[in-house]
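Taking it in order: structure first as structure tokens, then the write-up.
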Amino acid sequence: MTATAYYIGLMTGTSLDGIDAVLVDFAPAAPQLIATASAPLPADLRAELLALQSPGANELHRAALAANGHSRASAALVQQLLAQAQLSPAQIKAIGNHGQTIRHRPELGYTLQIGNHALLAEDTGITVIGDFRSRDVAAGGQGAPLVPAFHHALFAAPGRNRVVLNIGGMANLSWLGADGWVTGFDSGPGNVLLDSWIAQQHGASYDADGAWAATGTVDAALLASLLAEPYFALPAPKSTGRDLFDAAWLHDKLSAFSALAAVDVQATLAELSAQTMAAAILQLGQPDEVFVCGGGAYNTDLLQRLARQLGCPISTTAALGVAPTWVEAYAFAWLALRCQQGQSGNLPAVTGARGERILGAIYPA
């Protein structure tokens, strides 16, 4: 019988658009993506997770219940994935569970992703590895982004300056240098402000294909005000999240632009994301190619804006064999593998940690 090493990766990103799951076999020299599945978060759970991004009453109780709800939804998705692949829990080495970030404050020494890993292990009968970011933060790092090490392992091409750009709620990039140099950081907002504004104006969860933004006109004064945010000028290593770029941040920035048409605000927010992503890439060098993953990979308007800023080909990670939707979940399956093997999962040059660390806490089946 051919040896296998099946791992499941689970990811819920800052966009809160759902849970993504992948099943990967790491036994072959070239890992094989066996099955994928995704499910939207239940509406009440999504609302609670979004509310928990900000201080509120009875937070500890509510966060514990939300963690349970997140894990039950994750367990149901794992069962779906196993049925699809016709595998049993006993055949899976581990689940790498990112959980849902509700606070990210590495400058204060903590980051918090909720998800009851013990409950997930109990409900699936599979070993669960979670809390990947805390050890890097404890070692003085940002705890993010963690994906550059994985991007290097899976996507690097000797002799090519390649960038993998993940556009989720936030945007982070991995520079995979022709000479083997790897670095990366969060450039700032990806979809988070676009999603927030269209939700306020139209009740939609996202701007499909960037169609609404594409009909607006960028306001130069508003764009300059947004670009003045100090985060963009900070040197790497750096990471960010909804703790900074949230509805309150946007409301404050828009206070002097109340006469601006809503569609022009959306266009300006799209330009902000595109310009800050491009600037972050170009400060590292001129890439030969850029591959985009995450939900933003399906935003045609945003990618067109990005292409205008960069003088190189832009495509999605589908060209590298992994559809944009599944890259981050794949990364956390890989991080679970690294943890079980006793190998480091972080890159100090990326996160700023004092050294390489084994990431994750293990909850045996």
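The values are calculated or read from the model by the stated rules, or taken from the named source; none is laboratory data. Nothing here was measured: the structure is a model prediction, and the numbers come from that model. Every residue, glycine among them, receives a Cβ derived from its backbone with ideal geometry; neighbour counts consider all protein chains shown. Heads up: the accessible areas ignore ligands, DNA and RNA and are worked out on the full protein's heavy atoms, side chains in. Shrake-Rupley method; radii C 1.70, N 1.55, O 1.52, S 1.80 Å.
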Residue 55 meets each of (1) more than 25 Å from residue 186 (Cα to Cα); (2) open to solvent by 30 Å² or more (accessible area, probe 1.4 Å) with one exception, condition (1)
Counting only residues that are open to solvent by 20 Å² or more (accessible area, probe 1.4 Å) and charged (D, E, K, R), which one in segment 170-210 is nearest to residue 276 (Cα to Cα)? 195
Among (1) open to solvent by 50 Å² or more (accessible area, probe 1.4 Å); (2) modelled with pLDDT of 95 or more; (3) under 24 Å from residue 324 (Cα atoms), where does residue 30 come up short? (2)
Which of (1) without any contact (Cβ under 8 Å) to a residue 60 or more places away in the chain; (2) over 17 Å from residue 14 (Cα atoms); (3) part of a loop (DSSP other than H, G, I, E, B); (4) not basic (Lys, Arg) does residue 274 not meet, given it meets every other one? (3)
Can you report the number of residues in segment 51-107 which are under 13 Å from residue 10 (Cα atoms) and basic (Lys, Arg)? 1
With the structure loaded, tell me whether residue 184 is farther than 25 Å from residue 312 by Cβ, in contact with a helix residue (DSSP H, G or I) (Cβ under 6 Å, 6 or more places away or on another chain) and not charged (D, E, K, R) or whether it fails that test. no
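Condition check ((1) basic (Lys, Arg); (2) surrounded by fewer than 19 Cβ atoms within 10 Å (Cβ to Cβ); (3) under 22 Å from residue 177 (Cβ atoms)) across all residues:
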site: 228; (1), (2), (3): no, yes, no
site: 241; (1), (2), (3): no, no, no
site: 273; (1), (2), (3): no, no, no
site: 281; (1), (2), (3): no, no, yes
site: 284; (1), (2), (3): no, yes, yes
Which of the following residues is at pLDDT 95 or above, more than 19 Å from the chain's Cα centre (by Cα), crowded, with 19+ Cβ neighbours inside 10 Å and β-branched (Val, Ile, Thr): 217, 268? 268
Number of the exception - residue 301 against (1) over 21 Å from residue 183 (Cα atoms); (2) in contact with a strand residue (DSSP E or B) (Cβ under 9 Å, 6 or more places away or on another chain): (2)
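Quick grid of which residues meet (1) in a helix (DSSP H, G or I); (2) open to solvent by 10 Å² or more (accessible area, probe 1.4 Å):
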| site | (1), (2) |
| --- | --- |
| 257 | no, yes |
| 290 | no, no |
| 296 | yes, no |
| 327 | yes, no |
| 345 | no, no |
| 350 | yes, no |
| 362 | no, yes |
The strands (runs of 3 or more DSSP E) lying entirely within segment 61-148 that contain at least 1 residues which are surrounded by fewer than 24 Cβ atoms within 10 Å (Cβ to Cβ) are 92-97, 100-105, 110-114
